[in-house]
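Here's the structure, in structure tokens; my notes come after.
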Amino acid sequence: MTPKNTPKKTQLDIGYLLTKNNVAYENKVILVGVRGYYRDSMGAKFKNDRGIYDDAVFILTPTLFAAYNFNTDPSAYRKGKGFGSAKGMATLKTGIWKYQKGIHRGYQAFVQAGKVTVIRDGSPNYEDTGYFGINIHRGGNSGTSSLGCQTLPVSQWDVFKKSLYYQLDYYKQKTFEYFLIDEASTGWND
């Protein structure tokens with residue numbers, strides 16, 4: 001399930017959001033993910049759903065502003081416990097994370113450039129920090145294709161990837177910050 005349109009927030013909206021959260025963004029490439037951007041207009045009301053593109057992602061650089069539909073959640077639930085093979089499904093925790101160009105299952109993507117913290121499904125849910133391969137990559141043709149990764153619809157992936165690759169090369173950045181926030185924390189009413 002994908003929205004009919006791409007997110008409508010402006011560069012000014014995203015710049016204000018970053019400033020409000022004390023995230024420096026001038027003169028560099030930064031990615032901003034908004035979990036639950038379409039929370040109340042897609043899926044169940046008042047809930048950020050799994051398995052649909054109800055989130056948004058924005059590329060912000062000194063020369064580019066672009067918005068895409070996005071998924072920040074795993075496609076399914078899997079309750080677990082601990083940190084071994086019985087661990088729960090991972091959802092990236094909101095915050096600022098470092099990413100870089102890389103490979104995900106044989107194709108170009110954006111991969112962790114540092115440890116991340118995830119919230120794992122459990123009773124109760126619990127945090128886990130490390131290198132888990134919580135990557136940013138193309139979603140599937142019939143779903144979000146995520147075991148915790150951040151994914152884009154197939155129809156938007158190539159433009160997103162090429163744009164972000166080009167901007168990183170142009171600004172000579174090996175890594176970039178990915179700022180993930182919940183829609184409820186933005187003050188927006190979309």
Subject >> Which listed residue is touching a Ser or Thr at 6+ places or on another chain (Cβ under 8 Å), farther than 25 Å from Lys81 by Cβ and of a type outside the set (Asp, Glu), from Tyr166, Tyr171 >> reply: Tyr171
Original post:
Would you say Gly33 is surrounded by fewer than 19 Cβ atoms within 10 Å (Cβ to Cβ) and either assigned to a loop (DSSP other than H, G, I, E, B) or of a type outside the set (Ser, Thr, Tyr) (or both)?
Top reply: no
**OP:** Run Lys174 past the list (1) under 23 Å from Thr2 (Cα atoms); (2) of a type outside the set (Gly, Ala, Ser); (3) out of contact with any Asp or Glu (no Cβ under 8 Å at 6 or more places or on another chain) and report the number of the one that doesn't hold.
**Re:** (1)
**OP:** Say whether the condition of being basic (Lys, Arg) and surrounded by fewer than 20 Cβ atoms within 10 Å (Cβ to Cβ) is met by at least one residue in the range 120-140.
**Re:** no
**OP:** Return the only residue of Gln173, Gln108 being in a loop (DSSP other than H, G, I, E, B) and within 21 Å of Leu60 (Cα to Cα).
**Re:** Gln173
**OP:** Hey, can you tell me all the residues within the range 152-167 that are surrounded by 20 or more Cβ atoms within 10 Å (Cβ to Cβ) and out of contact with any helix residue (DSSP H, G or I) (no Cβ under 9 Å at 6 or more places or on another chain)?
**Re:** Pro153, Gln156, Phe160, Leu164, Gln167
Original post:
Does Thr151 meet the test of being hydroxyl-bearing (Ser, Thr, Tyr), modelled with pLDDT of 95 or more and under 23 Å from Asp54 (Cβ atoms)?
Top reply: yes
Original post:
Between a first residue in the range 160-187 that is closer than 30 Å to Lys47 by Cα and a second residue that is surrounded by fewer than 13 Cβ atoms within 10 Å (Cβ to Cβ) and polar (S, T, N, Q), which pairs have beta carbons less than 7 Å apart while being 6 or more apart in sequence or on different chains?
Top reply: none
Subject >> Lone unmet requirement of (1) in contact with a Leu (Cβ under 6 Å, 6 or more places away or on another chain); (2) in a loop (DSSP other than H, G, I, E, B) for Tyr68 >> reply: (2)
Subject >> Residues of the range 91-119 satisfying the condition of being of a type in the set (Gly, Ala, Ser) and buried (at least 16 other Cβ atoms within 10 Å of the Cβ) >> reply: Ala109, Ala113
Original post:
Can you tell me which of Thr129, Thr186, Thr117, Thr91 is under 20 Å from Leu60 (Cβ atoms), β-branched (Val, Ile, Thr) and touching a strand residue (DSSP E or B) at 6+ places or on another chain (Cβ under 7 Å)?
Top reply: Thr186
Original post:
In the range 48-73, what residues are of a type outside the set (D, E, K, R), surrounded by fewer than 22 Cβ atoms within 10 Å (Cβ to Cβ) and over 22 Å from Val23 (Cβ atoms)?
Top reply: Gly51, Ile52
**OP:** Tell me, please, whether a residue that is among the aliphatic types (A, V, I, L, M) and free of Cβ contacts under 8 Å to residues at least 40 places away in the same chain can be found in the range 29-39.
**Re:** no
Subject >> Test: residue in the range 104-122 that is on the phi > 0 side of the Ramachandran plot and under 15 Å from the mean Cα position of the chain (by Cα) >> reply: no
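The values are calculated or read from the model by the stated rules, or taken from the named source; none is laboratory data. What you are looking at is a predicted structure, and each value in this text was computed from that prediction instead of being measured. A quick note on method: Cβ atoms are made from the backbone with ideal geometry, for glycine too, and the neighbour counts reach across all protein chains shown.
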